[in-house]
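The values are calculated or read from the model by the stated rules, or taken from the named source; none is laboratory data. What you see is a predicted model, and the numbers here were worked out from it, not measured in a lab. Cβ coordinates were reconstructed from backbone atoms using ideal geometry, including for glycine residues, and neighbour counts include every protein chain displayed.
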Amino acid sequence: MDKELREILDAGLAAADPKDAVLRSVRLEGDSVLAAGERFDARRVFVVAAGKAAGAMAEAARELFDGRIASGIVITKDGHDAGPEGFETVFASHPEPDERGVEAAGKVRELAESLEEGDLLLALISGGASALLADPSPPIRIADLKKLTQDLLKSGADIGEINTVRKHVSVLKGGGLARLAAPAKVLALLLSDVVGDAPSSIASGPATADTTTLDEARAVLERYGIEPSQSIAEHLENAEETPKPGDPVFENVANVVCGGGRHAVEAAAGKARDLGYEPLVLSTTMTGDARAIASVCASIVREALESGNPAHPPCAVVSGGEATVVVRGDGTGGPNQEFALTLAVELDGVDGWAALAADTDGNDGPTDAAGGLVDGGTAAKVRGAGADPARALEENDARAALEAGGALLVTGPTGTNVNDLRVILVPG
C-alpha cells in the first residue's frame, strides 16, 4: 500500500501547486488586473512574494505580467525555489526568525513606503511568511522575537493564537503592509496554510484588517504561561493597535485565497477513489493534539475493519488541517510524525491498514522529514531496531522511532504549503 499512499500524496501536492494557484486566480484585461471580481488599474506593478511557495508564485507573476513588473522581491526558506530572473531573492530561516528575515522585512518595508497612488502592489503570500518576514516592532530585538517564537511553538498554542501575538509585535503583519503601501492599491494572493482559510490568519494577515487585539495577544501569553522579554512586554502595553475593519487603508486592498488545504484533501480523496478505495473525508479543518487525532482515527480503523462502519473497506480515511504538539520531552519530531507513530502504537499488530501523514511543505516541525508512513507492523519494526515507540512518544522523539522502523517519510521541499494531509487506507 506504500506505493498507493505515495500516489495519493503526489495528487494532493499537485492540486496545491502554487504557480497554478496564481495563474487560475488572476487574469489581465488590457492594463487592468482582474481577481475575484475586483479590478485593479495600475501604471506600475510591484511584486512581494513571501513564504515557502514564494518562488513558484513569483514565477507565475512574471509569466502573467510579461515585463510590466517594476520590481520584485522573493523571501523564502533555505533550500526552497528562488524567484525568477530579475527578482531579488532573500533566503531566511523558518520556523524561527533570523537576521536575514529582518533584512528581508526591511526591504519589503522600504518598497511599500515608496509606492505612490496609481501603483499596484501584488503580494504573493504563502505559509511560512510570518517567520520569514522577521519584522519586530522597535525596540523589540530579533533575539527576543526568536525566543518568543520558540516558546509559542512549544506551548501547544494553535496557529491562530500564535498569529494573534505575532501581529502585535510586528511592523508588517496584522495589516501593517497595507498601511505602509497606502495609497497604492494592494492585491494579495494567498496560498492558505491555516485551517478555515481566513485571510487575516494566513501569514498573520499582512494586507488584511486585524480583528484581534493587544489584550488578546497578552491573554495568549498568559494562557500558555509564556513570560515575554521586557522589550516585548513593554511593547504590548504601549503599542498602537493594528488597523481594524473599516480602516481607510483597506479601501484599495483585496485579499484572494487562491489555494489551500481543501484542494489537497479533495484531490487526495479523488485519487484514492481512482485506486479503488471509497474515500471518507473526515474534515479539512481538523486541529488539536496530534496524538488525540490519531487515537480517533485508530478507533475509526478498528470499527471499519470489524463492522464496516463508518465506511466499508476498501476505504480511505482522509483528513487535513493542522495538528499541534505539546512538547514534553527533548526528542525531535513534528505533529505528523507524532500522529503516525501514535497510530502505529495504537494499532500495533492489527492487519489490514496503512497510513500516511505529511506536512505538505515537506518539513514537519523543525525536521527534514515530511511525516511518517506506517502500518500494523511498524511498532514491531521499531522495537526490533532497539527502540521503544511508546517511550519515543513520551519524549517527543517520533522522528528517531520512525526512522528506526523504516517508516520516516522524507520528500524534501515540495514547493507548496497547505498544512497537513493524512490518509489511512483500509483494503479489508
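Observations, loosely collected:
- The single residue among VAL169, VAL186, VAL165 that is within 14 Å of SER204 (Cβ to Cβ) and in contact (Cβ under 8 Å) with a residue 60 or more places away in the chain turns out to be VAL169.
- Taking the numbered list (1) touching an Asp or Glu at 6+ places or on another chain (Cβ under 7 Å); (2) in contact (Cβ under 8 Å) with a residue 60 or more places away in the chain; (3) over 21 Å from ASP135 (Cβ atoms); (4) not charged (D, E, K, R) in turn, GLY55 passes all entries but (3).
- Residue in the range 377-387 that is crowded, with 24+ Cβ neighbours inside 10 Å, outside the structural domain of GLY128 (by TED's automatic domain parsing), of a type outside the set (Gly, Ala, Ser) and in a strand (DSSP E or B) present: no
- The residues listed here are ALA269, ALA233; of these, the one that is in a helix (DSSP H, G or I), free of Cβ contacts under 8 Å to residues at least 24 places away in the same chain and of a type in the set (A, V, I, L, M, F, W, C) is ALA233.
- Enumerated helices (runs of 4 or more DSSP H) restricted to the range 1-90, each holding at least 3 residues that are at pLDDT 90 or above and touching a Cys at 6+ places or on another chain (Cβ under 7 Å): 18-25
- Residues of the range 388-399 satisfying the condition of being touching a residue at least 60 places away in the same chain (Cβ under 8 Å) and surrounded by 19 or more Cβ atoms within 10 Å (Cβ to Cβ): ALA392, LEU393, ASN396, ASP397, ALA398, ARG399
- Yes/no for GLY225 being assigned by TED's automatic domain parsing to the domain that holds LYS52, farther than 20 Å from ASP119 by Cα and either assigned to a strand (DSSP E or B) or modelled with pLDDT of 95 or more (or both): yes
- Of all residues making up the range 113-135, the number that are out of contact with any Phe, Trp or Tyr (no Cβ under 8 Å at 6 or more places or on another chain) and crowded, with 24+ Cβ neighbours inside 10 Å: 13
- Any hit, the range 295-312, residues being within 18 Å of the chain's Cα centre (by Cα) and not assigned by TED's automatic domain parsing to the domain that holds ILE162: no
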